[in-house]
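Below you'll find the structure, written out as C-alpha coordinates, and then a few comments.
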Amino acid sequence: MSAQLEADVRTISPEMPAMFDGMKLAAVATVLYVIVRSLNLKCPTAAPDITCQDTPLNRYLLKSCPILTKEYIPPLLWGKSGHLQTALYGKMGRVKSPKPCGLRKYLPMPDGATATFDLFEPQGVHSTGDDITMVICPGIGNHSEKHYIRTFVDYSQKQGYRCAVLNHLGALPNIELTSPRMFTYGCTWEFSAMVGYIIRTFPQTQLIVVGFSLGGNIACKYLGENLANQERVLCCVSVCQGYSALRAQETFLQWGQCRRLYNFLMADNMKKIILSHRASLFGMSSSNMEAADLSRLYTATSLMQIDDNIMRKFHGHNSLKEYYEKESCVHYIHNISVPLLLMNSSDDPLVHQSLLTIPRTLAEKKQNVIFTLTLHGGHLGFFEGAVLFPQPLSWMDKVIVSYANEK
(Lines give C-alpha, C1' and ligand atoms only; values in the text may rest on other atoms or scores of the structure.)
Protein backbone atom coordinates (compact mmCIF):
# COMPACT_ATOMS: atom_id res chain seq x y z
CA MET A 1 0.00 0.00 0.00
CA SER A 2 2.81 2.42 0.98
CA ALA A 3 4.79 1.59 -2.15
CA GLN A 4 1.73 2.22 -4.32
CA LEU A 5 1.18 5.68 -2.68
CA GLU A 6 4.80 6.66 -3.26
CA ALA A 7 4.48 5.59 -6.88
CA ASP A 8 1.36 7.76 -7.29
CA VAL A 9 3.14 10.74 -5.75
CA ARG A 10 6.11 10.28 -8.02
CA THR A 11 3.73 10.01 -10.95
CA ILE A 12 1.77 13.28 -10.39
CA SER A 13 4.36 15.45 -8.67
CA PRO A 14 6.16 16.58 -11.87
CA GLU A 15 2.85 17.92 -13.20
CA MET A 16 1.85 19.86 -10.07
CA PRO A 17 4.29 22.81 -10.47
CA ALA A 18 3.19 23.29 -14.05
CA MET A 19 -0.46 23.30 -12.98
CA PHE A 20 0.21 25.86 -10.23
CA ASP A 21 2.20 28.01 -12.65
CA GLY A 22 -0.74 27.96 -15.01
CA MET A 23 -3.09 29.05 -12.22
CA LYS A 24 -0.75 31.89 -11.29
CA LEU A 25 -0.54 33.05 -14.88
CA ALA A 26 -4.32 32.94 -15.17
CA ALA A 27 -4.69 34.95 -11.95
CA VAL A 28 -2.14 37.54 -13.08
CA ALA A 29 -3.81 37.78 -16.47
CA THR A 30 -7.20 38.28 -14.81
CA VAL A 31 -5.86 41.01 -12.53
CA LEU A 32 -4.18 42.76 -15.45
CA TYR A 33 -7.37 42.53 -17.49
CA VAL A 34 -9.39 44.07 -14.65
CA ILE A 35 -6.82 46.85 -14.22
CA VAL A 36 -6.72 47.64 -17.93
CA ARG A 37 -10.53 47.67 -18.12
CA SER A 38 -11.10 49.68 -14.92
CA LEU A 39 -8.41 52.23 -15.73
CA ASN A 40 -9.45 52.42 -19.39
CA LEU A 41 -5.80 52.12 -20.37
CA LYS A 42 -6.69 51.15 -23.94
CA CYS A 43 -8.98 54.15 -24.37
CA PRO A 44 -7.47 56.80 -26.67
CA THR A 45 -7.02 60.44 -25.81
CA ALA A 46 -8.66 63.08 -27.96
CA ALA A 47 -9.37 66.75 -28.38
CA PRO A 48 -12.62 67.95 -26.78
CA ASP A 49 -15.80 67.65 -28.81
CA ILE A 50 -16.92 71.22 -29.54
CA THR A 51 -20.52 72.19 -30.29
CA CYS A 52 -21.24 75.75 -31.36
CA GLN A 53 -22.56 77.80 -34.23
CA ASP A 54 -20.17 78.87 -36.95
CA THR A 55 -19.96 82.58 -36.15
CA PRO A 56 -17.06 85.06 -36.38
CA LEU A 57 -16.93 85.32 -32.57
CA ASN A 58 -16.81 81.56 -32.04
CA ARG A 59 -14.19 81.12 -34.74
CA TYR A 60 -12.11 83.81 -33.07
CA LEU A 61 -12.50 82.24 -29.63
CA LEU A 62 -11.54 78.77 -30.81
CA LYS A 63 -8.54 80.16 -32.67
CA SER A 64 -7.46 82.33 -29.74
CA CYS A 65 -7.91 79.50 -27.22
CA PRO A 66 -6.02 76.62 -28.86
CA ILE A 67 -6.25 74.58 -25.65
CA LEU A 68 -9.94 74.06 -26.44
CA THR A 69 -9.18 72.31 -29.72
CA LYS A 70 -5.99 70.47 -28.74
CA GLU A 71 -5.82 66.96 -27.34
CA TYR A 72 -6.41 66.74 -23.59
CA ILE A 73 -3.92 64.22 -22.17
CA PRO A 74 -4.61 62.97 -18.63
CA PRO A 75 -2.01 61.07 -16.56
CA LEU A 76 -1.30 57.79 -18.35
CA LEU A 77 -1.80 55.22 -15.59
CA TRP A 78 -5.03 56.48 -13.98
CA GLY A 79 -6.19 59.65 -15.71
CA LYS A 80 -8.52 57.84 -18.12
CA SER A 81 -10.67 56.65 -15.24
CA GLY A 82 -13.44 59.09 -14.45
CA HIS A 83 -13.81 57.52 -11.02
CA LEU A 84 -10.16 58.05 -10.08
CA GLN A 85 -10.18 61.61 -11.46
CA THR A 86 -13.31 62.30 -9.39
CA ALA A 87 -11.95 60.57 -6.29
CA LEU A 88 -8.66 62.46 -6.43
CA TYR A 89 -10.53 65.76 -6.82
CA GLY A 90 -12.86 64.82 -3.94
CA LYS A 91 -10.09 63.70 -1.59
CA MET A 92 -7.23 66.03 -2.47
CA GLY A 93 -8.69 68.72 -4.69
CA ARG A 94 -5.31 69.46 -6.23
CA VAL A 95 -1.68 68.56 -5.57
CA LYS A 96 0.68 71.13 -4.08
CA SER A 97 -2.22 73.53 -3.63
CA PRO A 98 -1.18 77.16 -3.00
CA LYS A 99 -2.63 79.29 -0.21
CA PRO A 100 -3.67 82.65 -1.65
CA CYS A 101 -4.25 85.40 0.89
CA GLY A 102 -7.66 87.04 0.87
CA LEU A 103 -10.06 89.00 3.03
CA ARG A 104 -13.30 87.47 4.29
CA LYS A 105 -16.36 89.64 3.82
CA TYR A 106 -19.66 89.33 5.70
CA LEU A 107 -22.91 90.47 4.13
CA PRO A 108 -26.17 90.62 6.12
CA MET A 109 -29.13 89.25 4.16
CA PRO A 110 -32.76 90.50 4.41
CA ASP A 111 -33.92 87.27 6.09
CA GLY A 112 -31.29 87.45 8.83
CA ALA A 113 -28.77 85.16 7.18
CA THR A 114 -25.14 86.23 6.81
CA ALA A 115 -23.47 85.58 3.46
CA THR A 116 -19.68 85.32 3.37
CA PHE A 117 -17.19 85.44 0.55
CA ASP A 118 -13.43 85.76 0.25
CA LEU A 119 -11.85 88.54 -1.80
CA PHE A 120 -8.45 88.10 -3.45
CA GLU A 121 -6.69 91.02 -5.13
CA PRO A 122 -4.77 90.52 -8.41
CA GLN A 123 -1.05 89.85 -8.22
CA GLY A 124 -0.31 91.60 -11.49
CA VAL A 125 -1.78 93.68 -14.25
CA HIS A 126 -4.24 92.05 -16.63
CA SER A 127 -3.02 91.75 -20.23
CA THR A 128 -5.68 94.26 -21.34
CA GLY A 129 -4.91 96.70 -18.54
CA ASP A 130 -8.57 96.51 -17.47
CA ASP A 131 -9.95 95.90 -13.99
CA ILE A 132 -11.64 92.47 -14.17
CA THR A 133 -13.07 90.42 -11.32
CA MET A 134 -13.74 86.70 -11.36
CA VAL A 135 -16.91 86.03 -9.36
CA ILE A 136 -16.71 82.34 -8.47
CA CYS A 137 -19.37 79.94 -7.20
CA PRO A 138 -17.95 76.61 -5.90
CA GLY A 139 -19.50 73.14 -5.96
CA ILE A 140 -21.92 71.59 -3.49
CA GLY A 141 -20.96 72.26 0.13
CA ASN A 142 -17.70 73.90 -0.98
CA HIS A 143 -16.00 77.19 -0.17
CA SER A 144 -12.89 79.27 -0.77
CA GLU A 145 -10.66 76.98 1.30
CA LYS A 146 -11.08 73.96 -0.97
CA HIS A 147 -7.87 73.05 -2.78
CA TYR A 148 -9.29 73.19 -6.31
CA ILE A 149 -10.65 76.67 -5.60
CA ARG A 150 -7.35 77.85 -4.09
CA THR A 151 -5.43 76.56 -7.11
CA PHE A 152 -7.74 78.30 -9.56
CA VAL A 153 -7.73 81.55 -7.58
CA ASP A 154 -3.94 81.62 -7.34
CA TYR A 155 -3.59 81.07 -11.09
CA SER A 156 -6.20 83.73 -11.88
CA GLN A 157 -4.56 86.27 -9.57
CA LYS A 158 -1.26 85.81 -11.36
CA GLN A 159 -3.04 86.53 -14.65
CA GLY A 160 -4.24 89.88 -13.30
CA TYR A 161 -7.73 88.97 -12.09
CA ARG A 162 -9.35 89.95 -8.82
CA CYS A 163 -11.26 86.96 -7.43
CA ALA A 164 -14.36 86.85 -5.25
CA VAL A 165 -15.29 83.36 -4.03
CA LEU A 166 -18.66 82.65 -2.48
CA ASN A 167 -18.67 80.48 0.64
CA HIS A 168 -21.91 78.54 0.41
CA LEU A 169 -24.19 79.32 3.34
CA GLY A 170 -23.38 76.76 6.03
CA ALA A 171 -20.41 75.23 4.21
CA LEU A 172 -17.65 76.78 6.32
CA PRO A 173 -17.32 74.74 9.53
CA ASN A 174 -16.24 77.72 11.66
CA ILE A 175 -19.01 80.12 10.59
CA GLU A 176 -22.31 79.83 12.43
CA LEU A 177 -25.61 80.34 10.64
CA THR A 178 -27.53 83.42 11.75
CA SER A 179 -30.89 82.24 10.35
CA PRO A 180 -32.58 78.85 9.90
CA ARG A 181 -31.47 78.57 6.26
CA MET A 182 -28.47 77.20 4.38
CA PHE A 183 -27.44 76.95 0.72
CA THR A 184 -29.64 75.08 -1.73
CA TYR A 185 -29.27 73.76 -5.26
CA GLY A 186 -30.32 76.95 -7.03
CA CYS A 187 -30.72 79.80 -4.56
CA THR A 188 -28.89 82.82 -6.00
CA TRP A 189 -29.38 85.23 -3.08
CA GLU A 190 -25.88 84.99 -1.63
CA PHE A 191 -24.19 84.99 -5.03
CA SER A 192 -26.21 88.06 -6.01
CA ALA A 193 -25.23 89.81 -2.79
CA MET A 194 -21.55 89.10 -3.45
CA VAL A 195 -21.75 90.40 -7.03
CA GLY A 196 -23.59 93.50 -5.84
CA TYR A 197 -20.84 94.20 -3.30
CA ILE A 198 -18.15 93.87 -5.98
CA ILE A 199 -19.96 96.26 -8.34
CA ARG A 200 -20.49 98.87 -5.59
CA THR A 201 -16.94 98.62 -4.25
CA PHE A 202 -15.20 98.51 -7.64
CA PRO A 203 -17.44 100.55 -9.97
CA GLN A 204 -14.90 100.33 -12.79
CA THR A 205 -14.59 96.54 -12.76
CA GLN A 206 -15.98 94.09 -15.27
CA LEU A 207 -17.04 90.58 -14.35
CA ILE A 208 -16.19 87.03 -15.38
CA VAL A 209 -18.74 84.62 -13.89
CA VAL A 210 -17.41 81.13 -13.06
CA GLY A 211 -19.34 78.22 -11.58
CA PHE A 212 -18.21 74.72 -10.65
CA SER A 213 -20.73 71.84 -10.52
CA LEU A 214 -23.67 73.06 -8.37
CA GLY A 215 -22.06 76.50 -8.58
CA GLY A 216 -22.44 76.35 -12.36
CA ASN A 217 -26.17 75.92 -11.92
CA ILE A 218 -26.34 78.90 -9.55
CA ALA A 219 -24.18 81.10 -11.81
CA CYS A 220 -26.23 80.38 -14.95
CA LYS A 221 -29.52 80.73 -13.09
CA TYR A 222 -28.36 84.08 -11.65
CA LEU A 223 -27.56 85.44 -15.10
CA GLY A 224 -30.71 84.11 -16.72
CA GLU A 225 -33.32 84.99 -14.11
CA ASN A 226 -32.75 88.75 -14.46
CA LEU A 227 -31.29 90.30 -17.61
CA ALA A 228 -29.92 93.22 -15.55
CA ASN A 229 -27.52 90.75 -13.93
CA GLN A 230 -25.62 90.51 -17.23
CA GLU A 231 -24.83 94.23 -17.62
CA ARG A 232 -21.25 94.14 -16.27
CA VAL A 233 -20.49 90.57 -17.34
CA LEU A 234 -17.92 89.82 -20.03
CA CYS A 235 -18.58 86.08 -20.11
CA CYS A 236 -19.61 83.06 -18.07
CA VAL A 237 -17.96 79.65 -17.66
CA SER A 238 -19.77 76.65 -16.16
CA VAL A 239 -17.91 73.41 -15.39
CA CYS A 240 -19.43 69.96 -14.74
CA GLN A 241 -22.96 70.99 -13.85
CA GLY A 242 -26.01 68.81 -14.50
CA TYR A 243 -28.41 71.54 -15.73
CA SER A 244 -31.65 69.90 -14.54
CA ALA A 245 -32.06 68.52 -11.02
CA LEU A 246 -35.40 66.97 -11.93
CA ARG A 247 -33.87 64.89 -14.72
CA ALA A 248 -30.72 64.18 -12.72
CA GLN A 249 -32.57 62.68 -9.75
CA GLU A 250 -33.66 59.69 -11.83
CA THR A 251 -30.08 58.94 -12.86
CA PHE A 252 -28.79 59.18 -9.29
CA LEU A 253 -30.92 56.18 -8.33
CA GLN A 254 -29.20 54.02 -10.97
CA TRP A 255 -26.16 51.83 -10.28
CA GLY A 256 -24.54 52.63 -13.63
CA GLN A 257 -21.19 54.38 -13.15
CA CYS A 258 -21.74 53.76 -9.40
CA ARG A 259 -24.05 56.78 -9.27
CA ARG A 260 -26.11 55.26 -6.47
CA LEU A 261 -22.95 54.99 -4.38
CA TYR A 262 -21.94 58.57 -5.14
CA ASN A 263 -25.47 59.63 -4.22
CA PHE A 264 -25.10 57.93 -0.82
CA LEU A 265 -21.68 59.49 -0.17
CA MET A 266 -22.86 63.01 -1.08
CA ALA A 267 -25.98 62.54 1.03
CA ASP A 268 -23.81 61.53 3.98
CA ASN A 269 -21.72 64.68 3.54
CA MET A 270 -24.84 66.85 3.35
CA LYS A 271 -26.10 65.23 6.54
CA LYS A 272 -22.91 66.20 8.33
CA ILE A 273 -23.20 69.82 7.16
CA ILE A 274 -26.86 70.07 8.20
CA LEU A 275 -26.29 68.42 11.57
CA SER A 276 -23.36 70.72 12.30
CA HIS A 277 -25.90 73.57 12.19
CA ARG A 278 -28.66 71.68 13.98
CA ALA A 279 -29.22 74.37 16.61
CA SER A 280 -29.73 77.11 14.01
CA LEU A 281 -31.76 75.11 11.51
CA PHE A 282 -34.04 73.33 13.96
CA GLY A 283 -33.89 75.43 17.11
CA MET A 284 -34.75 78.96 15.97
CA SER A 285 -38.33 80.15 16.39
CA SER A 286 -38.54 81.15 12.71
CA SER A 287 -37.49 77.70 11.51
CA ASN A 288 -39.78 75.72 9.18
CA MET A 289 -38.31 72.44 10.44
CA GLU A 290 -39.95 69.99 12.79
CA ALA A 291 -38.62 67.20 14.99
CA ALA A 292 -39.90 64.66 12.47
CA ASP A 293 -37.75 66.28 9.77
CA LEU A 294 -34.66 65.71 11.91
CA SER A 295 -35.62 62.07 12.40
CA ARG A 296 -36.05 61.58 8.67
CA LEU A 297 -32.68 63.25 8.08
CA TYR A 298 -30.92 60.61 10.19
CA THR A 299 -32.39 57.79 8.09
CA ALA A 300 -31.90 59.45 4.68
CA THR A 301 -29.64 57.57 2.26
CA SER A 302 -29.96 59.79 -0.83
CA LEU A 303 -29.78 63.45 -1.76
CA MET A 304 -33.39 63.29 -2.93
CA GLN A 305 -34.59 62.27 0.53
CA ILE A 306 -32.64 65.12 2.12
CA ASP A 307 -33.91 67.59 -0.48
CA ASP A 308 -37.50 66.47 0.09
CA ASN A 309 -37.38 66.48 3.89
CA ILE A 310 -35.07 69.46 4.49
CA MET A 311 -33.76 71.55 1.60
CA ARG A 312 -37.01 72.40 -0.22
CA LYS A 313 -38.51 73.75 3.00
CA PHE A 314 -35.94 76.55 3.29
CA HIS A 315 -37.77 78.35 0.49
CA GLY A 316 -41.26 76.99 1.05
CA HIS A 317 -41.50 74.71 -1.99
CA ASN A 318 -44.55 72.46 -1.80
CA SER A 319 -42.96 69.40 -3.37
CA LEU A 320 -39.64 67.98 -4.43
CA LYS A 321 -40.62 68.35 -8.08
CA GLU A 322 -41.41 72.05 -7.58
CA TYR A 323 -38.10 72.55 -5.76
CA TYR A 324 -36.09 70.95 -8.56
CA GLU A 325 -38.01 72.74 -11.29
CA LYS A 326 -37.63 76.21 -9.80
CA GLU A 327 -33.99 75.83 -8.74
CA SER A 328 -32.59 74.39 -11.99
CA CYS A 329 -30.88 76.69 -14.48
CA VAL A 330 -32.35 74.78 -17.44
CA HIS A 331 -35.36 77.12 -17.27
CA TYR A 332 -33.21 80.28 -17.29
CA ILE A 333 -30.02 79.52 -19.20
CA HIS A 334 -31.55 80.35 -22.60
CA ASN A 335 -31.89 83.98 -21.40
CA ILE A 336 -28.12 84.41 -21.18
CA SER A 337 -26.80 86.59 -23.99
CA VAL A 338 -23.16 87.06 -22.92
CA PRO A 339 -20.55 84.58 -24.21
CA LEU A 340 -21.12 81.30 -22.38
CA LEU A 341 -18.72 78.35 -22.17
CA LEU A 342 -20.23 75.10 -20.88
CA MET A 343 -17.75 72.36 -19.99
CA ASN A 344 -18.45 68.71 -19.19
CA SER A 345 -16.65 65.38 -19.28
CA SER A 346 -17.98 62.20 -20.90
CA ASP A 347 -16.71 60.03 -18.02
CA ASP A 348 -18.15 62.21 -15.25
CA PRO A 349 -19.79 59.62 -12.94
CA LEU A 350 -22.13 62.26 -11.47
CA VAL A 351 -23.55 63.72 -14.68
CA HIS A 352 -25.43 61.21 -16.85
CA GLN A 353 -24.96 61.40 -20.61
CA SER A 354 -28.67 62.11 -21.09
CA LEU A 355 -28.26 65.45 -19.29
CA LEU A 356 -25.69 66.60 -21.86
CA THR A 357 -28.37 67.02 -24.51
CA ILE A 358 -29.28 70.24 -22.68
CA PRO A 359 -26.01 72.14 -23.29
CA ARG A 360 -25.52 70.57 -26.71
CA THR A 361 -28.96 71.69 -27.91
CA LEU A 362 -28.42 75.14 -26.41
CA ALA A 363 -25.09 75.53 -28.24
CA GLU A 364 -26.71 74.47 -31.50
CA LYS A 365 -29.44 77.11 -31.13
CA LYS A 366 -27.62 80.07 -29.57
CA GLN A 367 -24.71 81.97 -31.11
CA ASN A 368 -23.16 82.96 -27.77
CA VAL A 369 -22.79 79.39 -26.44
CA ILE A 370 -19.87 76.96 -26.81
CA PHE A 371 -20.28 73.46 -25.39
CA THR A 372 -17.03 71.58 -24.73
CA LEU A 373 -17.13 67.85 -23.95
CA THR A 374 -13.92 66.03 -23.07
CA LEU A 375 -13.42 62.27 -23.28
CA HIS A 376 -11.81 62.17 -19.84
CA GLY A 377 -11.68 64.34 -16.75
CA GLY A 378 -14.23 62.91 -14.33
CA HIS A 379 -16.10 65.35 -12.12
CA LEU A 380 -13.98 68.50 -11.67
CA GLY A 381 -10.79 66.48 -12.10
CA PHE A 382 -9.25 67.31 -15.48
CA PHE A 383 -5.79 66.48 -14.17
CA GLU A 384 -2.85 66.60 -16.54
CA GLY A 385 0.43 64.74 -16.21
CA ALA A 386 2.83 62.35 -17.89
CA VAL A 387 2.50 58.92 -16.26
CA LEU A 388 1.63 58.86 -12.57
CA PHE A 389 1.88 62.23 -10.86
CA PRO A 390 -0.52 65.03 -11.88
CA GLN A 391 0.51 68.62 -12.40
CA PRO A 392 -0.62 71.18 -9.78
CA LEU A 393 -2.55 73.14 -12.42
CA SER A 394 -5.40 71.33 -14.16
CA TRP A 395 -6.57 71.51 -17.77
CA MET A 396 -9.80 73.05 -16.45
CA ASP A 397 -7.96 75.95 -14.80
CA LYS A 398 -6.05 76.72 -17.98
CA VAL A 399 -9.15 76.61 -20.18
CA ILE A 400 -11.17 78.98 -18.01
CA VAL A 401 -8.43 81.62 -17.84
CA SER A 402 -7.56 81.24 -21.53
CA TYR A 403 -11.21 81.75 -22.50
CA ALA A 404 -11.59 84.68 -20.10
CA ASN A 405 -8.46 86.34 -21.48
CA GLU A 406 -10.10 86.71 -24.89
CA LYS A 407 -13.09 88.65 -23.61
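Of the residues Lys407, Lys365, the one with the largest accessible area comes first in the ranking Lys365, Lys407, computed with a 1.4 Å probe on protein heavy atoms. Cys235 contributes an accessible area of around 0 Å² to the protein surface, as traced by a 1.4 Å probe with all chains present. Measuring only protein heavy atoms, the 1.4 Å probe finds Glu225 accessible over about 70 Å². For a 4.7 Å threshold on C-beta separation, the list of partnerless cysteines in the chain reads Cys43, Cys52, Cys65, Cys101, Cys137, Cys163, Cys187, Cys235, Cys236, Cys240, Cys258.
Across the chain, C-alpha contacts under 8 Å between residues 6 or more apart give a mean separation that, scaled by the residue count, equals a relative contact order of 23 percent. Each of Pro122, Ile67, Met109 was placed along the dipole of segment 58-174 (beta-carbon charges, centred on the mean Cα), and the one lying farthest toward the positive end is Ile67. Computed over all pairs of different Cα atoms, the Kirkwood value for the hydrodynamic radius of segment 289-333 is 11.1 Å. Computed over the chain with a Gaussian network model linking Cα atoms closer than 10 Å, the most mobile of Asn269, Asn174, Asn335 is Asn174. Percent of accessible area on the chain owned by carbon and sulfur, 1.4 Å probe? Answer for the chain: carbon and sulfur cover 59 percent of the accessible area. Each peptide in 55-61, 164-170 gets a packing score, the mean of other Cβ atoms within 10 Å over its residues, and the list from highest to lowest is 164-170, 55-61. Using only Cα atoms and rounding to the nearest 10 degrees, what angle (0 to 90) does helix 15-38 make with the longest principal axis of the chain? Taking the Cα atoms of the chain, the angle to 15-38 is about 10 degrees.
Ligands, DNA and RNA excluded, the heavy atoms of Arg260 present near 50 Å² of accessible surface to a 1.4 Å solvent probe. Compared with the rule-of-thumb size 2.2 N^0.38 Å for a compact globular protein, the chain has a Cα radius of gyration ratio of 1.15.
Centroid-to-centroid, using Cα positions, segment 295-371 and segment 168-232 are 16 Å apart. Report the calculated FRET efficiency for Cys258 and Leu77 (r = Cβ-Cβ distance, R0 = 22 Å), to the nearest 0.05. My answer for the efficiency is 0.60.
What the chain shows is 44 Å² of accessible area per residue, with the surface traced by a 1.4 Å probe over protein heavy atoms.
The values are calculated or read from the model by the stated rules, or taken from the named source; none is laboratory data. It should be emphasised that the depicted structure is a prediction, and the values quoted were computed from it without experimental measurement. Glycine also receives a Cβ, built like all others from the backbone with ideal geometry; neighbour counts cover every protein chain displayed. Remember, those area values only see protein heavy atoms, side chains included, never the ligands or the DNA or RNA. Shrake-Rupley method; radii C 1.70, N 1.55, O 1.52, S 1.80 Å.
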